[in-house]
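Here is the structure we will look at, set down as structure tokens.
The values are calculated or read from the model by the stated rules, or taken from the named source; none is laboratory data. From a predicted model like this one, the values you see are computed outputs, not experimental measurements. Cβ placement follows ideal geometry from the backbone for every residue including glycine, while neighbour counts extend to all protein chains displayed. When the accessible area is computed, the model is the full protein with side chains, heavy atoms only, and any ligands, DNA or RNA have been set aside. Shrake-Rupley method; radii C 1.70, N 1.55, O 1.52, S 1.80 Å.
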Amino acid sequence: FDVMFAHKFSDLKQLEKTWIGYLNREGSNVMKWSFIEFILAETGKKLHNERELRRINGIWKAPIANTPGAAMSAADGYREFIRKKIAAFQIRPFALGEYTDNDISNYIYTFCGMIPQVVRDTNNVVLYVSSDTLTKYWKNREYLYGQNQDYKPNVTYVPEYPNIRLVVVPNLGVSKRIVATLDGNFHTYEDGANEMYNFNIEQE
């Protein structure tokens, strides 16, 4: 979906007071391009952060003419995409319930065992998890196997199925959703490279 950011600054003087003074190269000129560049750079950071959050947690809502919308409503993110695919019977859910901190190691082992062997043996399977899930997995394995001589901490694969990698989805929060798929099935695209930095400035 196309996403547009529009903003009207009502008090540039107040904003200018928060600006780092030594960047002022134009003195008292009405149009201070170094100041405008600073504003656009900070705006670009915010737009980038909003996009990264939207890619995971966004839920698309049809825009209403002349009404500002929320950044998270501009597109469906990863979580909503997976939910819709499950509802449409395009992704098969495993009936395992949710893991707990004390059984996550066995949970992921069981989860991997439910993946058809013909898929597991491709050496191309990835488990997409949250950073919280990966940390809890490491801690549970440390508790269970930390005293073993062959124990390896903080591995990014499933030890019982070493061909299956664990990959963190950033900004997934406390979600316990685990998705298994072939590597390369998830991609993000944009219509034009760096298009969200194509700013148009209008001065009154």
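Quick one: is ALA41 open to solvent by 60 Å² or more (accessible area, probe 1.4 Å) and either at pLDDT 70 or above or not charged (D, E, K, R) (or both)? Talk me through it step by step, then tell me what you get.
On the way: open to solvent by 60 Å² or more (accessible area, probe 1.4 Å): no; either at pLDDT 70 or above or not charged (D, E, K, R) (or both): yes.
Taking the combined requirement at face value, the residue does not satisfy it.
What pairs can you find where one residue is in segment 1-18 and free of Cβ contacts under 8 Å to residues at least 60 places away in the same chain, the other is in a loop (DSSP other than H, G, I, E, B), and their Cβ atoms are less than 7 Å apart, with a gap of 6+ or different chains?
What qualifies is LEU15/PHE9.
Can you go through ILE56, ILE91, ILE104 and tell me which one is modelled with pLDDT of 95 or more and in contact with a helix residue (DSSP H, G or I) (Cβ under 6 Å, 6 or more places away or on another chain)?
On the way: ILE56 fails: modelled with pLDDT of 95 or more; ILE91 fails: modelled with pLDDT of 95 or more.
Unique residue meeting the criteria: ILE104.
Return only the number of the condition from (1) more than 19 Å from the chain's Cα centre (by Cα); (2) crowded, with 16+ Cβ neighbours inside 10 Å that ARG51 does not satisfy.
Failing condition for ARG51: (1).
Just to be sure, is THR18 of a type in the set (S, T, N, Q) and part of a loop (DSSP other than H, G, I, E, B)? It would help to see each step written out before you state the result.
Working: of a type in the set (S, T, N, Q): yes; part of a loop (DSSP other than H, G, I, E, B): yes.
For THR18, the condition - of a type in the set (S, T, N, Q) and part of a loop (DSSP other than H, G, I, E, B) - is met.
Within segment 114-135, count every residue that is open to solvent by less than 40 Å² (accessible area, probe 1.4 Å) and in contact (Cβ under 8 Å) with a residue 40 or more places away in the chain. Please lay out each step first, then the result.
Taking segment 114-135 as the starting set, the residues that turn out to be open to solvent by less than 40 Å² (accessible area, probe 1.4 Å) are 115, 120, 125-130, 133-134.
If we keep only those that are in contact (Cβ under 8 Å) with a residue 40 or more places away in the chain too, we end up with 115, 120, 125-130, 133.
Going through segment 114-135 one residue at a time, the tally reaches 9.
Scan segment 180-201 and give yes if some residue there is within 24 Å of ALA95 (Cβ to Cβ), within 26 Å of the chain's Cα centre (by Cα) and of a type in the set (A, V, I, L, M), otherwise no. Explain how you work it out, then say what you get.
Here is the first cut: in segment 180-201, the residues within 24 Å of ALA95 (Cβ to Cβ) are 180-182, 185-186.
So of that shortlist, the ones also within 26 Å of the chain's Cα centre (by Cα) come out as 180-182, 185-186.
With the extra rule that they be of a type in the set (A, V, I, L, M), the set shrinks to 180, 182.
Scanning segment 180-201, I find at least one residue that is within 24 Å of ALA95 (Cβ to Cβ), within 26 Å of the chain's Cα centre (by Cα) and of a type in the set (A, V, I, L, M), so the answer is yes.
Taking the conditions exactly as written (open to solvent by 90 Å² or more (accessible area, probe 1.4 Å), closer than 30 Å to ILE91 by Cα and either assigned to a loop (DSSP other than H, G, I, E, B) or modelled with pLDDT of 85 or more (or both)), does LYS46 satisfy them or not? Steps first, answer last, please.
Details: open to solvent by 90 Å² or more (accessible area, probe 1.4 Å): yes; closer than 30 Å to ILE91 by Cα: no; either assigned to a loop (DSSP other than H, G, I, E, B) or modelled with pLDDT of 85 or more (or both): yes.
Considered against the rule, which asks whether it is open to solvent by 90 Å² or more (accessible area, probe 1.4 Å), closer than 30 Å to ILE91 by Cα and either assigned to a loop (DSSP other than H, G, I, E, B) or modelled with pLDDT of 85 or more (or both), LYS46 comes out as no.
Could you check how many residues of segment 118-132 are β-branched (Val, Ile, Thr) and out of contact with any Lys or Arg (no Cβ under 9 Å at 6 or more places or on another chain)? First the steps, then the outcome.
Taking segment 118-132 first, the residues β-branched (Val, Ile, Thr) are 118-119, 122, 125-126, 129.
Retained after the next criterion (residues that are out of contact with any Lys or Arg (no Cβ under 9 Å at 6 or more places or on another chain)): 118-119, 122.
The number of residues fulfilling the criteria is 3.
Looking for something surrounded by 10 or more Cβ atoms within 10 Å (Cβ to Cβ), β-branched (Val, Ile, Thr), farther than 23 Å from ILE86 by Cα and at pLDDT 95 or above - is there at least one such residue anywhere in segment 136-155?
No, every residue in segment 136-155 fails to be surrounded by 10 or more Cβ atoms within 10 Å (Cβ to Cβ), β-branched (Val, Ile, Thr), farther than 23 Å from ILE86 by Cα and at pLDDT 95 or above.
So, of the residues in segment 158-204 that are more than 29 Å from TYR109 (Cα to Cα) and among the acidic types (Asp, Glu), which turns out to be most open to solvent (accessible area, probe 1.4 Å)?
This residue is GLU204.
Restricting to segment 92-109, give me the number of residues that are open to solvent by 50 Å² or more (accessible area, probe 1.4 Å) and in a helix (DSSP H, G or I).
2
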